[in-house]
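First up is the structure itself, then whatever we jot down about it.
The values are calculated or read from the model by the stated rules, or taken from the named source; none is laboratory data. Computed from a prediction, not measured in an experiment: that's the story for all the values here. Note that we place each Cβ from the backbone using ideal geometry, even for glycine, and neighbour counts take in every protein chain shown. These accessible areas exclude ligands, DNA and RNA; they are computed on the full protein's heavy atoms, side chains included. Shrake-Rupley method; radii C 1.70, N 1.55, O 1.52, S 1.80 Å.
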Protein chains: 2
Amino acid sequence: MTNWNNLDTLKSYQELKNVKHINLVEAMSGAKGAERVGKYSVPMAAGLTYNYASKEVDDDVLKALAALADEAQLTEKYQALYEGEVINTGEKRMVLHHLTRGQLGKDVIADGVNKREFYVNEQKRIAEFANKVHSGEIANAKGEKFTTVVQIGIGGSDLGPRAMYLALENWAKKHDTFKMEAKFISNVDPDDATAVLNSIDVAHSLFILVSKSGTTLETLTNQSFVMDALKKAGLDASKHMIAVTSETSPLAHSDDFITAFYMDDYIGGRYSSTSGVGGAVLSLAFGPEVFADFLDGAAAEDKLSTNKDALKNPAMLDALIGFYERNVLGYPCTAVLPYSQALSRFPAHLQQLDMESNGKSVNRFGEPIDYVTGPVIFGEPGTNGQHSFYQLLHQGTDIVPLQFIGFRNNQCENDVDIQGSTSQQKLCANVAAQIVAFACGKSDENKNKNFEGGRPSSIIIGDQLDPKALGALLAHFENKVMFQGFIWNINSFDQEGVQLGKTLAKKVLAHETEGALAEYSKLLNI
Amino acid sequence: MTNWNNLDTLKSYQELKNVKHINLVEAMSGAKGAERVGKYSVPMAAGLTYNYASKEVDDDVLKALAALADEAQLTEKYQALYEGEVINTGEKRMVLHHLTRGQLGKDVIADGVNKREFYVNEQKRIAEFANKVHSGEIANAKGEKFTTVVQIGIGGSDLGPRAMYLALENWAKKHDTFKMEAKFISNVDPDDATAVLNSIDVAHSLFILVSKSGTTLETLTNQSFVMDALKKAGLDASKHMIAVTSETSPLAHSDDFITAFYMDDYIGGRYSSTSGVGGAVLSLAFGPEVFADFLDGAAAEDKLSTNKDALKNPAMLDALIGFYERNVLGYPCTAVLPYSQALSRFPAHLQQLDMESNGKSVNRFGEPIDYVTGPVIFGEPGTNGQHSFYQLLHQGTDIVPLQFIGFRNNQCENDVDIQGSTSQQKLCANVAAQIVAFACGKSDENKNKNFEGGRPSSIIIGDQLDPKALGALLAHFENKVMFQGFIWNINSFDQEGVQLGKTLAKKVLAHETEGALAEYSKLLNI
């Protein structure tokens, strides 16, 4: 029996608020700090480690957080989710993205179908299709191989797949699994599609139209834009395009496409990288085996997330610490800082994943709540960020909790030794240095050069960003966000906040406006 | 006589805190809202307009803000700055980036040189060099034209120039001024340089090494990385590389480069897009005339910023409203949301510009202050963001002030009409709709679909993002950040907060670590 109670009704939350805050500068200094680095660490899947030594926690805080995890029944709620309970209460839907990469509990049957089998089957169909494209069995009208794949989608159909593609592009090139270049068209700004179309050879390009509902304004507009360009090039658009959509959408079973691959309403856009939404483009770009490894990494991390012991459950622990920083310590933002150029767009994906899931003001029953929920998420890769916004992170008037990610080895395995160290060593030295600089600070009589420290961070460390590690990393954050939604007793799986803007935009285009909206429309010449 | 006083000593600040806050939902509804859209608007340079109708201000708030601008002597301090006073008190330097694009006050002589003449002369040298590269007079060893330019730099030598390049790339292609493709290497992660080098034809590539001090670790490492690659390709690296640096740096007057262009210590990295740091790469990519137009737009905006009437000074007004949101209304973040794919990296540039300038906890004399300073800045282009983090902006528990940017026309002038409107119209309709949705909200009995509204935004509107408009946009934000620094009485032109990390990273590489730093280093295999 799961109890869905608001955070502020939990006894353990009141108790947590009474636990003494730690002094991070003291805790991380000297031998005590060294001991914490060894102690406050938990293994993730795919050889990754979540280290939280530089977070503002100690055994007392952790004990109170674990008690809250128990009282809030986090693992029970996770189990309810992956076994098919209607967790998306707003839209009255199950939440099944975990099934795209594994079977954790009992079988989930929906609409008379075993959903795990359904997702596996779609993935198999995608793999077969990708292999045929790579072999040239599926080719353009002249029988020539497709060399480029272009994903047309927005939001979850864009940010996740794009971030995953960029994360593995150089790895795949190094490991001889790189099959086709991928490009992405997302914005309704026509300059986006124009620039992408100008950069490719359309005669040898395969387009993937991705829209679950088949009604996304931007995506349908860009579809027409691309079809127009294909026609102008004398090509049959229907021989250059596939769809990823739900079986009930207007895009399903259409003659406009070579074929279509299916997902369903139980997978939210921002959780769809491991479904056909990510599967088609990644299987085409890198081969189905790479995508299968990516799914394996995610599945292994999902399994770790079932552990009832919060201290052995990295996603839950990360969620609990983040909640503590938000609701007890009062920090409104979190920065995600991957020390890996391949993860350049991973923060943008997490920004959607986290802010769209947990930027809510009502609980899962639609009742207003009296505590803060999801924080603002932002980030850029290091070391670049060090030369940009880190100034504020070190010496600004607000504290911003940090989430570092680092790998011992780079992807291209190409490096140079300069002044006694490789670039990779310099990269790793910098992330280690930053963690300690943020935590411990450094006193200086010149207050302009003084670092107060006490700025908390965690780090996820891996050997190399390969497909399995990427899958584990993605699932870690998906599950972190899910656990935080459970703590706040909100529905992390709908997004009603995007509706009003859509409605008003339609009114503007129909010239049915008045008041301020009419004036703004005039200013913009609509 | 300028008085450099802390914000909390200003009489006008105490008075401002007593001014009644407005109810934005009420203010922006009905005829009153329509009236505000017409009234709360101020022209910028290059045909741009700054409209702040949907900000939480009314005539009373604006009057109090204008009084604060007077008491804080904002225009006087700006004048002191552009006439060469030592405004960068920490590093004891003048702050002269405005001189790269215009002469506002009396001549500034430093080190026996008229600085405006110096910057103009360097720009002229760059223009001549670029013209020779374009004509083929300067070519590779085989006498073949260079086709690609690669900037090697980090922070201000990367984010600004990269954002400006992306902002004008499609415009230049449409207007037949596109000369060479530009690429950027910044991160010390060796995968960054490897990926860029794999994507270009090095035999026809010209590299620009950008480092003011000539000692930036990442940039020198990447220089060696590139020189190594050039040598391996059998090329003479010194015939493929130029430098942009200060005359006193180790890179000046070196045989490693075809030539060098100079800047100086009076231009901070994040303010250097209009110096040779942006000038070389943009003049090579688009031609010197395009860069000259960009400077003209910036100069015109700088001139507007001298207006003592805050209501006619868009950068100052933007600064005042942002400060009001931060210090009186208590909002810790600001999102920058350009409805233009070309501005995809403009928020990342502003993130550095703003957070590195104003993320400070001491005043310009190095004394601790008792009020908050620079906010967290983040953003992504619309309409993409609408399908991502806007959920939190609309329905999250915190209010995030917004800064929209929109253009009536796109850059490529290529569009399709679908369902009765073009993509450009859809783009503009969306930004208009969002502003009103955020300000006014919409009541719904289903609290999950309820929008409280009251979420403030401004918009900068232009006809088209061309070089002049981009220059004006850039200068607007540079001057906004400067004025906010004056309000907070901080030094916006140093960045001591980046030093500690550098020092500790050196210790890690020298294996001179102990405590937590030694343990983190071990975890990362250094």
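Numbers for the structure displayed
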| quantity | calculated |
| --- | --- |
| Residue-normalised accessible area of region B:122-182, expressed per residue, 1.4 Å probe, Å² | 40 |
| Protein accessible area in region B:94-151, 1.4 Å probe - carbon and sulfur % | 48 |
| Contact surface B-A: accessible area buried, both sides summed, square angstrom, 1.4 angstrom probe | 10900 |
| For residue A:312, label point 7 Å along C-beta direction: distances to other copies, nm | 7.3 |
| Two-decimal ratio, region B:284-381, of alpha-carbon radius of gyration to 2.2 N^0.38 Å | 1.29 |
| Inter-copy separations for residue A:413, label at 7 Å along Cα-Cβ, nm, ascending | 5.1 |
| Percent of C-alpha pairs per 5 Å bin, region A:1-129, short to long | 2, 9, 12, 13, 13, 13, 13, 9, 7, 5, 3, 1, 0 |
| In sequence order, calculated HN-Hα J values of region B:387-397 (Karplus, 6.51, -1.76, 1.60; Hz; x Gly/Pro) | 8, 10, 7, 4, 3, 5, 4, 7, 10, x, 7 |
| Chain B - percent relative contact order, Cα under 8 Å, separation 6 or more | 20 |
| CD proxy at 222 nm, helix term only [per DSSP H run n ≥ 4: -39500 (n - 2.57); per residue of the protein assembly as shown; nearest 500] | -13500 deg cm²/dmol |
| Accessible surface of residue A:522 - all protein chains present, 1.4 Å probe, nearest 10 Å² | 130 |
| Spherically averaged projected area of the protein assembly as shown from its Cα convex hull (nm²) | 37.9 |
| Computed over region B:106-220, Kirkwood Rh from alpha-carbon pairs, angstrom | 16.1 |
| For B:403-410, mean number of other protein chain Cβ atoms within 10 Å | 2 |
| When the convex hull of its Cα atoms is projected in every direction, mean area for region B:371-411 (nm²) | 4.3 |
| Shielding score for B:29-35, defined as the mean number of other chain Cβ atoms within 10 Å | 4 |
| Cα-only radius of gyration and Dmax that characterise region B:189-235, units Å | 10.9, 30 |
| Entries of A:174/A:212; A:231/B:179; A:183/A:212; A:447/B:522 with Cα pairs more than 22 Å apart | A:174/A:212; A:231/B:179; A:447/B:522 |
| Solution diffusion estimate, µm²/s, Stokes-Einstein, chain B, Kirkwood Rh from C-alpha pairs, 25 °C, viscosity 0.890 mPa s | 101 |
| Region B:295-376 - accessible surface per residue (Å², probe 1.4 Å) | 24 |
| Acute angle (nearest 10 degrees) that the helix A:217-232 long axis makes with the longest principal axis of chain A, alpha-carbon atoms | 40 |
| Residue closest to axis [chain B; rotation mapping onto A; Cβ; Å] | B:378, 2 |
| Those lysines that a straight Cα-Cα span of less than 23 Å connects to residue B:63, excepting residues fewer than 8 apart in one chain | B:11, B:17, B:20, B:32, B:39, B:55, B:77, B:303, B:308, B:312, B:480 |
| Principal semi-axes in Å for region A:325-432 [√(5λ), Cα gyration tensor, largest first] | 34, 16, 9 |
| Shielding by other protein chains, B:450-458, mean Cβ within 10 Å | 2 |
| Normalised contact order of region A:305-379, rounded percent, pairs of Cα under 8 Å and 6 or more residues apart | 33 |
| Highest to lowest packing among A:452-459, A:105-112, A:211-218, scored as the average C-beta count within 10 Å | A:452-459, A:211-218, A:105-112 |
| On Cα atoms only, tilt of A:499-509 relative to the major axis of chain A in degrees | 40 |
| Residue-level accessible surface for residue A:468, protein heavy atoms, 1.4 Å, Å² | 90 |
| Average accessible area per residue (Å²) across region B:18-67 - probe 1.4 Å, nucleic acids and ligands excluded | 43 |
| Inter-copy separations for residue A:85, label at 7 Å along Cα-Cβ, nm, ascending | 6.5 |
